[in-house]
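Data first, discussion second: the structure below is written as structure tokens.
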Amino acid sequence: MLSLNNKFFNSTIKAKYITFFSTFLKWVVWGSIIGIVVGSMSAFLLKLNDFLTDTREANPYLLFFLPLGGIVIGYIYMYYGKGSRKGNDLIIGHIHHGQGEIPLRTGPIVFLCTFITHLFGGSTGREGAAIQMGASISEGVNRLFKVNKIDRRILIISGISGGFGSAFGTPLAGTIFGMEVISIGKTKYEALVPCLVSSFVGHFVATAWGVEHEHFIIKNMPDINSINFMKVVGLSIVFGFASVLYSQLRHEIKSFCDKHLKNLMLRAFVGGVIIIILTYIIGSRDYLGRGLPMVERAFTGNVPPFAFLGKIVFTAITMATGFRGGEVIPLFFVGSTLGNTLSTVTGLSPSFLAAIGMIAVFCGAANTPISAFILGIEMFDGKGATYFFVACIISFIFSGHHGIYGAQKLYEPKSRMLNLPIGKTITYIEENKKE
């Protein structure tokens, strides 16, 4: 009898190990497929965006075609991309609800519209296109292998990780970002293996295609002491509020457009005209496109004291009126220039505060403290880890329930004093707050 029990026990253990390793292998294979395709697409996106930016800067008159480009983008989304109109929120919402399928055309459409936006000077980044392409590729894998409903969501999350990791050359941050960005207060660790694989494979593939990511250097790192610590805490509150300012301005402009400019072609046309007018009122083209030269200046010299505010306005108008791209690099612009400006009143190094501001503003807007912290570690070679961690936590807390991803669900409020409904999205909370 004991022998029979031992045989049954051993066979059960063996079956569990077989199931474990087969599942692990499955995630590695699927994550690798996603990473290879996403990494290649990210390399194409980055190289072509660089070319389009150089072309626009060499031909300043292209800015005047921005309203016409907006009409084209509006037309595409009205007649060919209705299911893709919500962008990153479409992806996040699908992971929550899992209803229907993500349109495979989401990725190609956002790529095309991102290129139009960059060529004509819209203030935007790139990760939106990379993330949506990653999700589209994941959906293709889902359909090809007829993946079940639960695993479909996990693979889409891994597509987000692959897109983020390959777009910024930060595979560790990309791994966590996909799992963390879906919800506030709940990280999808069940997707860890495919997210890890897709992010690292995507990064290595993009690098193999010759992609070189931006590299910023902190020239002077302050000592860790009580005074500097408190300065960083106070400044991180400011960075958190800056993220709220951008998020709310973008949401308010979009709400206005939803009510008064329902035609997508007219909406983008008006947005393009406003960008042109603002460019000539300010007398500078520094706020068009990604704005990476200004980010570099924030680390190496002085920037206009209100440069961060200009980028907030330009990007909020660009994104809210229907142009495509991403918001992470514009948030880097906002944080780095604000940090540079605040360095004059705090006595801390401009490059140090530019770095802290970059990561903290992104963290507050995306509500992803862990991946933002890791992003800071990867981008700055591990320097200032203590300060980055504190900045991310403080910015995350003080940004409240606001954020750039309206489809994020709130599972745990950042403070009980906020008295917010559990399990609702940022968009739901914002809309019901106004009632």
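The residues on offer are L348, L342, and the sole one that is touching a residue at least 12 places away in the same chain (Cβ under 8 Å), more than 17 Å from T170 (Cα to Cα), aliphatic (A, V, I, L, M) and assigned to a loop (DSSP other than H, G, I, E, B) is L348. On inspection, A316 does not qualify as surrounded by fewer than 23 Cβ atoms within 10 Å (Cβ to Cβ), among the aliphatic types (A, V, I, L, M), within 19 Å of A366 (Cα to Cα) and under 23 Å from the mean Cα position of the chain (by Cα). Within region 276-298, the residues that satisfy the criterion of being part of a loop (DSSP other than H, G, I, E, B) and buried (at least 17 other Cβ atoms within 10 Å of the Cβ) are D286, Y287, L288, G289, R290, G291.
Within region 52-111, if we keep just the residues that are β-branched (V, I, T) and at pLDDT below 85, the residue that is surrounded by the fewest Cβ atoms within 10 Å (Cβ to Cβ) turns out to be T106. Of the residues R285, R297, R324, the single one that is out of contact with any Ser or Thr (no Cβ under 7 Å at 6 or more places or on another chain), under 27 Å from F120 (Cα atoms) and either among the basic types (K, R) or in the same structural domain as I71 (by TED's automatic domain parsing) (or both) is R297.
For region 386-415, the set of residues classified as under 19 Å from K188 (Cα atoms) and either touching a Pro at 6+ places or on another chain (Cβ under 8 Å) or polar (S, T, N, Q) (or both) consists of F396, Q408, L410, listed by residue number.
Please specify each residue of region 195-231 satisfying the condition of being assigned to a loop (DSSP other than H, G, I, E, B) and over 18 Å from D381 (Cα atoms). Break it down stepwise before answering.
So in region 195-231, the residues assigned to a loop (DSSP other than H, G, I, E, B) come out as 209-225.
W209, G210, V211, N225 - these are the residues of region 195-231 that are assigned to a loop (DSSP other than H, G, I, E, B) and over 18 Å from D381 (Cα atoms).
Being part of a helix (DSSP H, G or I), within 20 Å of I91 (Cβ to Cβ) and in contact (Cβ under 8 Å) with a residue 12 or more places away in the chain holds for only one residue in T427, T386, and it is T427.
Among the residues of region 111-122, are any closer than 24 Å to I36 by Cβ, in contact with a His (Cβ under 7 Å, 6 or more places away or on another chain) and touching a residue at least 12 places away in the same chain (Cβ under 8 Å)? Checked against the condition, which is being closer than 24 Å to I36 by Cβ, in contact with a His (Cβ under 7 Å, 6 or more places away or on another chain) and touching a residue at least 12 places away in the same chain (Cβ under 8 Å), region 111-122 yields no hits at all.
The values are calculated or read from the model by the stated rules, or taken from the named source; none is laboratory data. Here the structure is a predicted model, which is why all the values come from computation and not from measurement. Cβ: placed from backbone, ideal geometry, glycine included. Neighbour counts: every protein chain shown.
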